[in-house]
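**Q** Okay, handing you the structure first.
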Amino acid sequence: MDNAFDLFKERGFFKQVTHEEELRKVLGEQMVLAYVGFDPTADSLHVGHLMGIMALAHLQRAGHRPVALVGGGTVMIGDPSGRTELRKMLSVEEITKNVAGIKGQLSKYMDFANAQALLVNNADWILSLNYIDFLREIGSQFSVNRMLTAECFRSRMERGLSFIEFNYMLLQAYDFLVLNRKYGCTLQMGGDDQWSNILAGTDLIRRLEGKPAFGLTWPLLMTASGKKMGKTESGSVWLDPEKTKPFEFYQYWRNTHDDDVERFLAYFTFLPMDEISRLGSLRDREINEAKKILAFEATKLAHGEAEALKAEKTAKSLFGSGEGSGGALPVTRIKSTDYPEGIPLLELLVLTGLVSSKKEARRMVDQRGLYLDQETVTEVGKVIDPRDYKDGGFTLQKGKKVFHKIEII
């Protein structure tokens, strides 16, 4: 589609919008600068950030200019939206490290060459703010009574809302104003929990600058099972391959619920919608083919085609036809000479990171949740002699989905 507004609606990136007809007209007639903010609370983004990343990537493909804003300044306060308590305060060193990690990940999805997309850090203008000047220019435009009706604040009133968090809406609105003044940015996008903050920014620009400004949100992403997107039993699904291995990333998408497949293909791939509709219409065993395509496409975007092919090959060798592991499984290498009398299984499980303690390892074995080369392990006190596995080592499996390769040196 030529109009990015229609593309967003068709692919599901649409919940609320300001000035709907005006925005649709603008997106169809001229190049628009649009931004999404990412708070650097960790040194990697995760699957929960992908809606914002993909929205910017779709805009760029439709001929517009995306702006990825890393909140190196606002993260020092913390967004109260969707939170029941004050966020942990990060040091300047932690924030700088986190920002550096995020920059490389965004470039996998957008082309930043020749300023076709912009990457900005709001620390560049927020950390040098003069408080009195800020209050006079920006604070004077906000009504406290109106701010307290916003969901992000109202839900916190009973537990307590700190004054530092109360400033977050003003600072996010100020970000939009700075981007509008400096680059001509006219559209802010985000999850629907950001609606109040986005409204504040669009209203601020229209009042102070007398120019068009727009806001658009998409639905907060939940899986069909009611879980928050990007969360598993072991934690977040990260874009950093050191935090979540490409094979584990692939398997996360491969295990998508049947009812989520079509929606996730629309959100997290660039496949055309007619192909997505065809894949989404598959049923029973055939839906697994759609899940494999989703897993491959999502992994290719995050980690490159080579890693996606490795993960696909590994999955085939573990769950279907095909030979070889593909080199995508997480690996722990142990020296046989370090364990002349063998290595206790519980110690090995902790060493690999499959469990956090021997107590957890015992419980897993007792519950018949551990497999060694596809055979159920029943003996808690089992000792593994590395000399028995010189040819390629062996594979440990935790539950149905988590695999780990042990290589013997």
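**Q** Tell me the label-point distance for the pair Glu151, Val350, using the 7 Å Cα-to-Cβ offset, in nm and rounded to one decimal.
**A** Distance between the two pseudo-spin positions: 4.5 nm.
**Q** What is the set of long-range amide H partners of Lys382 at a cut-off below 5 Å, with H atoms built 1.01 Å from backbone N?
**A** Residues meeting the criterion, in which the H sits 1.01 Å from N, are Leu345.
**Q** Also, I was wondering about something else. Just to check I understand the Karplus step: with θ = phi - 60° and J = 6.51 cos²θ - 1.76 cosθ + 1.60, what whole-Hz values come out for region 283-292, glycine and proline as x?
**A** Values, residue by residue: 9, 6, 5, 5, 5, 4, 5, 5, 5, 5 Hz.
**Q** While we're here: Through the Karplus equation 6.51 cos²θ - 1.76 cosθ + 1.60, θ set to phi - 60°, convert the phi angles of region 61-69 into ³J(HN,Hα) values in whole Hz; use x for Gly and Pro.
**A** 5, 8, x, 9, 10, x, 10, 9, 9
**Q** Cross-link candidates for Lys103: which lysines have Cα within less than 24 Å, leaving aside residues fewer than 8 places away along the same chain?
**A** Lys88, Lys182, Lys231, Lys243, Lys245, Lys300
**Q** Can you give the % of DSSP beta bridges in the chain that are antiparallel, to the nearest 5?
**A** 45 percent
**Q** Further, regarding this structure: In degrees from 0 to 90, rounded to the nearest 10, what is the angle of the helix 92-106 Cα long axis to the longest principal axis of the chain?
**A** It works out to around 80 degrees.
**Q** In addition: Taking a ≥ b ≥ c as the square roots of the eigenvalues of the Cα gyration tensor of region 231-319, is the shape rounded (a/c under 1.5), prolate (a/b larger than b/c) or oblate?
**A** Numbers: a/c = 1.57, a/b = 1.53, b/c = 1.02.
Prolate.
**Q** Averaging sequence separations of C-alpha pairs under 8 Å and six or more residues apart, then dividing by the length of the chain, give the relative contact order as a whole percent.
**A** Details: 619 pairs, mean separation 58.2, N = 409.
Value for the chain: 14 percent.
**Q** In whole Å, what is the distance between the alpha-carbon centres of region 165-186 and region 229-285?
**A** Each part's Cα centre sits 33 Å from the other's.
**Q** Now for a separate question. Can you list residues from other chains, or at least 5 along the same chain, whose modelled amide H is less than 5 Å from the amide H of Tyr35?
**A** Distant-sequence amide H within range of Tyr35: Val67, Leu187, Gln188, Met189.
**Q** Take the Cβ-Cβ distance between Lys211 and Phe112 as r, set R0 to 35 Å, and report the resulting FRET efficiency rounded to the nearest 0.05.
**A** 0.85
**Q** Among the lysines, which fall within straight-line cross-link reach of Lys335, defined as a Cα-Cα distance under 19 Å, with same-chain neighbours fewer than 8 residues apart omitted?
**A** Correct list for Lys335: Lys382, Lys390, Lys405.
**Q** Order these peptides, 29-40, 170-181, 284-295, by their mean beta-carbon neighbour count within 10 angstrom, highest first. Show your work: numbers first, answer last.
**A** Working: 29-40: 19.5, 170-181: 22.2, 284-295: 16.3.
The peptides rank, most packed first, as 170-181, 29-40, 284-295.
**Q** Listed highest first by mean packing, meaning other Cβ atoms within 10 Å per residue, what order do 371-377, 140-146 come in?
**A** The most tightly packed comes first, giving 371-377, 140-146.
**Q** Using Cα centres only, tell me the gap between region 340-409 and region 108-134 in whole Å.
**A** About 48 Å separates the Cα centre of region 340-409 from the one of region 108-134.
**Q** As I understand it, the dipole of region 112-242 uses +1 on the Cβ of Lys and Arg and -1 on the Cβ of Asp and Glu, about the Cα centre. Which of Leu239, Thr202, Leu118 lies farthest toward its positive end?
**A** Result: Thr202.
**Q** Additional query: Can you run phi through the Karplus equation (6.51, -1.76, 1.60; θ = phi - 60°) for region 168-173 and list ³J(HN,Hα) in whole Hz, with x for Gly and Pro?
**A** 4, 4, 5, 5, 5, 4
**Q** Let me ask something else. What is the gain in length, in nm to one decimal, between Gln367 and Leu127 on full extension, counting 0.36 nm per residue of separation less the C-alpha to C-alpha distance?
**A** Extra length available between Gln367 and Leu127 comes to 81.1 nm.
**Q** Using 0.36 nm per residue, how much length does the chain from Ala100 to Lys15 gain when fully extended, once their Cα-Cα distance is taken away?
**A** 27.5 nm
Read the figures in this text as sums done on the coordinates, not as results from a lab. Here the structure is a predicted model, which is why all the values come from computation and not from measurement. Note that we place each Cβ from the backbone using ideal geometry, even for glycine, and neighbour counts take in every protein chain shown.
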